[in-house]
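Asks: Below is a structure I'd like to ask you about.
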Amino acid sequence: GGEPLYYTVSGDHTPTFCDSIKSLLKTGNIKPEFREELLEIYLSYSYIPGEDTAYVNIYKPLPGYVYTFNDGNIIKHPYYTINSQADYGKSKEEHTKELSHCLNEIFENEWQEGALLLSSGVDSNYLLKRLPIKDAYTSCYNEKMFSEAKAAQNICMKNDILHHSVFISPEKYLEVTGDTLEALEQPCGDASAPVLYASCLEIAKKHSCCYSGEGIDEFFMGYYYDDLDDLPQDKTLYEANYIGSTYALDEEDKKQILKNYCGSGKMAYTQEAYDLCRDSDRIRQAAFIDLFVGMNGHLLPNIYCISKATGLNIHTPYIDNRLFDLGLRIPSEYQLTENLTKAIFRKAAGPFIDKKTALNVKRGFPVPVRKWIKQNSFSQKIKAAFLSDTSKKYFNTDKLIDMLDSFINGVGSIDLWRKIWCVYCFIAWYDRMIAPKKSVPHWQVWDEKFNHKIAWNKKEFPYAKLHYMREGGCLVTSLAIL
């Protein structure tokens, strides 16, 4: 599942495969048509998991399966079966020693010199020590509480590595969101995806290869599962409708905002993961959902698609079958302590990084969207999307505006921003990838409160430059086509 694969079946039962949805559409055998019944699934997960895609008659095979196409029938069976049972026959120390040996095997190989996506966390810092890193890059924002650039810079100074801060403004973030969604090809409400896209574009100016630390959180329980405490304790996670850490809107939210709510059957996408760990504890079950649903449907495709779109070869050394198999065998109570996640990995990484870094509490990949939404220019962009023709087609727009206003005014749940962003990203994706394209004038000038702006068809005139001058107290704008 490390690289996406899509297929469509023509009228004569012939399957066509490709690693790109856009390439399948270019064959002319299929139109870019949205599967409207999957909107509810997307709003639940903030992406579309499993074998489905957002497009009619385009699917993706599940990893670890053989697919046989025979005269219109599709038969699948697994060729790889995992051992999902935790190994209590080994102590914490023995599991740590086994992991250390496995990591040594992986990083003793010769690796290409490249850049590194660096945070203050243990995963990327371990890579800094074990790989031939030339430059390190960290996204940063004006909102200091969300930025890890200073901590990452200090780490680089101690290791004689050149550090680069990739500044992401609200304007830049909105600007790259559309390009990110086009690169991903499917709707995605992950707030960190545009930041990864912008960072990769910057790194690609200097490097062809970049390393990233994905995989450790999924393999070695790097997520906190405090939200499990809010679920009914007398029910299994499946019965409590738990779908993973990326969930966005619950059923009541969807009833309110959707014009045609019908109940999505969202749990069907988690059935196989739950079957693998039916007799395990709740934390292990939650980890399996992130591993077998979120990683395949969300994490890995995003990395691959952004890598491809930005021209930067993103390597993820932790995405390794040996680490995958090993992580499954470690009991959850060994992985999580009262204050720390992925405790076994932290201990194995200890000899290579300083103690403070090894014990850094996981921060996720924080992006200040929740702060930006309250800024007028940012909220106006979202409000325009919520009032658009696409929005009116699928949503009760008054409810969307109420949701946005509630968050701006400090009313509602703390995660309301995620719901707003999830809906916005769907609309932005739909307008970019599905909606009929309207003709764009070569240039258009308008005046907004004496703020003169100019726009042009950048795809038709990619090498245009703007020139400004004042004549008689007026601002004159000209567009030079080079």
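Asks: Do any helices (runs of 4 or more DSSP H) lying entirely in region 5-122 carry at least 2 residues that are free of Cβ contacts under 8 Å to residues at least 40 places away in the same chain, surrounded by fewer than 16 Cβ atoms within 10 Å (Cβ to Cβ) and of a type in the set (D, E, K, R), and which ones are they?
Replies: Values: elements: 21-26, 39-45, 92-107.
In region 5-122, the matching helices (runs of 4 or more DSSP H) lie at 92-107.
Asks: Further question: Using the structure shown, decide if Lys371 is open to solvent by 10 Å² or more (accessible area, probe 1.4 Å) and either at positive phi or touching a residue at least 60 places away in the same chain (Cβ under 8 Å) (or both).
Replies: Details: open to solvent by 10 Å² or more (accessible area, probe 1.4 Å): yes; either at positive phi or touching a residue at least 60 places away in the same chain (Cβ under 8 Å) (or both): yes.
Criteria met by Lys371.
Asks: Further question: Exactly one condition in (1) closer than 30 Å to Glu338 by Cβ; (2) crowded, with 17+ Cβ neighbours inside 10 Å is not met by Asp230; state its number.
Replies: Evaluating Asp230 over (1) closer than 30 Å to Glu338 by Cβ; (2) crowded, with 17+ Cβ neighbours inside 10 Å leaves (2) as the failure.
Asks: Could you tell me which numbered condition Ala435 fails, if it satisfies all but one of (1) at pLDDT below 95; (2) over 20 Å from Glu37 (Cα atoms); (3) not basic (Lys, Arg)?
Replies: The failed condition is (2).
Asks: Another question about this same structure. Any idea which of Trp417, Trp421 is in contact (Cβ under 8 Å) with a residue 24 or more places away in the chain, among the aromatic types (Phe, Trp, Tyr) and either open to solvent by less than 20 Å² (accessible area, probe 1.4 Å) or farther than 22 Å from Gln256 by Cβ (or both)?
Replies: Trp421 is the lone residue from the list that is in contact (Cβ under 8 Å) with a residue 24 or more places away in the chain, among the aromatic types (Phe, Trp, Tyr) and either open to solvent by less than 20 Å² (accessible area, probe 1.4 Å) or farther than 22 Å from Gln256 by Cβ (or both).
Asks: I would also like to ask the following. Among the numbered criteria (1) open to solvent by less than 20 Å² (accessible area, probe 1.4 Å); (2) under 22 Å from the mean Cα position of the chain (by Cα); (3) at pLDDT below 90, which single criterion is violated by Val293?
Replies: In the conditions (1) open to solvent by less than 20 Å² (accessible area, probe 1.4 Å); (2) under 22 Å from the mean Cα position of the chain (by Cα); (3) at pLDDT below 90, Val293 misses (3) alone.
Asks: In a helix (DSSP H, G or I) and free of Cβ contacts under 8 Å to residues at least 12 places away in the same chain - does that describe any residue in region 312-325? Walk me through it before giving the result.
Replies: First pass over region 312-325, keeping only residues in a helix (DSSP H, G or I): 321-325.
If we keep only those that are free of Cβ contacts under 8 Å to residues at least 12 places away in the same chain too, we end up with 321.
Yes; the residues of region 312-325 include at least one that is in a helix (DSSP H, G or I) and free of Cβ contacts under 8 Å to residues at least 12 places away in the same chain.
Asks: Suppose we filter region 360-406 for residues that are under 24 Å from Ala149 (Cα atoms), aliphatic (A, V, I, L, M), touching a helix residue (DSSP H, G or I) at 6+ places or on another chain (Cβ under 7 Å) and part of a loop (DSSP other than H, G, I, E, B); how many remain? Walk me through how you get there before you give the answer.
Replies: Residues of region 360-406 that are under 24 Å from Ala149 (Cα atoms), as a first pass: 360-375, 378.
Those still in the list that are aliphatic (A, V, I, L, M) too: 361, 367, 369, 373.
Next cut, touching a helix residue (DSSP H, G or I) at 6+ places or on another chain (Cβ under 7 Å) only: 367, 369, 373.
Of the ones still in play, those that are also part of a loop (DSSP other than H, G, I, E, B) are 367, 373.
Residues that pass the stated criteria total 2.
Asks: Answer with yes or no whether Tyr197 is open to solvent by 20 Å² or more (accessible area, probe 1.4 Å), within 21 Å of Ile319 (Cβ to Cβ) and part of a helix (DSSP H, G or I). Lay out the reasoning, then the answer.
Replies: Values: open to solvent by 20 Å² or more (accessible area, probe 1.4 Å): yes; within 21 Å of Ile319 (Cβ to Cβ): yes; part of a helix (DSSP H, G or I): yes.
Yes: the conditions hold for Tyr197.
Asks: Please verify whether region 338-349 includes one or more residues that are free of Cβ contacts under 8 Å to residues at least 40 places away in the same chain, assigned to a loop (DSSP other than H, G, I, E, B) and either open to solvent by less than 60 Å² (accessible area, probe 1.4 Å) or among the hydrophobic types (A, V, I, L, M, F, W, C) (or both).
Replies: yes
Asks: Residue under question is Ser388, and the condition is that it be at pLDDT 95 or above, farther than 30 Å from Phe407 by Cα and of a type in the set (Gly, Ala, Ser); does it hold?
Replies: Working: at pLDDT 95 or above: yes; farther than 30 Å from Phe407 by Cα: no; of a type in the set (Gly, Ala, Ser): yes.
When the stated conditions are applied, Ser388 does not pass them.
Asks: A further question on this structure: Given the structure, is Lys255 without any contact (Cβ under 8 Å) to a residue 12 or more places away in the chain, in a loop (DSSP other than H, G, I, E, B) and over 19 Å from Ser124 (Cβ atoms)? Explain how you work it out, then say what you get.
Replies: Numbers: without any contact (Cβ under 8 Å) to a residue 12 or more places away in the chain: yes; in a loop (DSSP other than H, G, I, E, B): no; over 19 Å from Ser124 (Cβ atoms): yes.
For Lys255, the condition - without any contact (Cβ under 8 Å) to a residue 12 or more places away in the chain, in a loop (DSSP other than H, G, I, E, B) and over 19 Å from Ser124 (Cβ atoms) - is not met.
Asks: Moving to a separate point now. Would you check which residues across region 123-170 are of a type outside the set (D, E, K, R), part of a loop (DSSP other than H, G, I, E, B) and open to solvent by 10 Å² or more (accessible area, probe 1.4 Å) and list them? Show your work before the answer.
Replies: We begin by selecting, within region 123-170, every residue of a type outside the set (D, E, K, R); these are 124-128, 131-133, 136-142, 145-147, 149, 151-157, 159, 161-170.
Next cut, part of a loop (DSSP other than H, G, I, E, B) only: 131-132, 141-142, 147, 159, 161, 168-169.
Listed by number, the residues that qualify are Leu131, Pro132, Asn142, Ser147, Asn159, Ile161, Ser169.
The values are calculated or read from the model by the stated rules, or taken from the named source; none is laboratory data. Since the structure is predicted, the reported quantities are computational estimates derived from the model, not experimental observations. Heads up, the Cβs are rebuilt from the backbone with ideal geometry, glycines too, and the neighbour counts pull from every protein chain shown. Please note that ligands, DNA and RNA were not included when accessible areas were found on the heavy atoms of the full protein model with its side chains. Shrake-Rupley method; radii C 1.70, N 1.55, O 1.52, S 1.80 Å.
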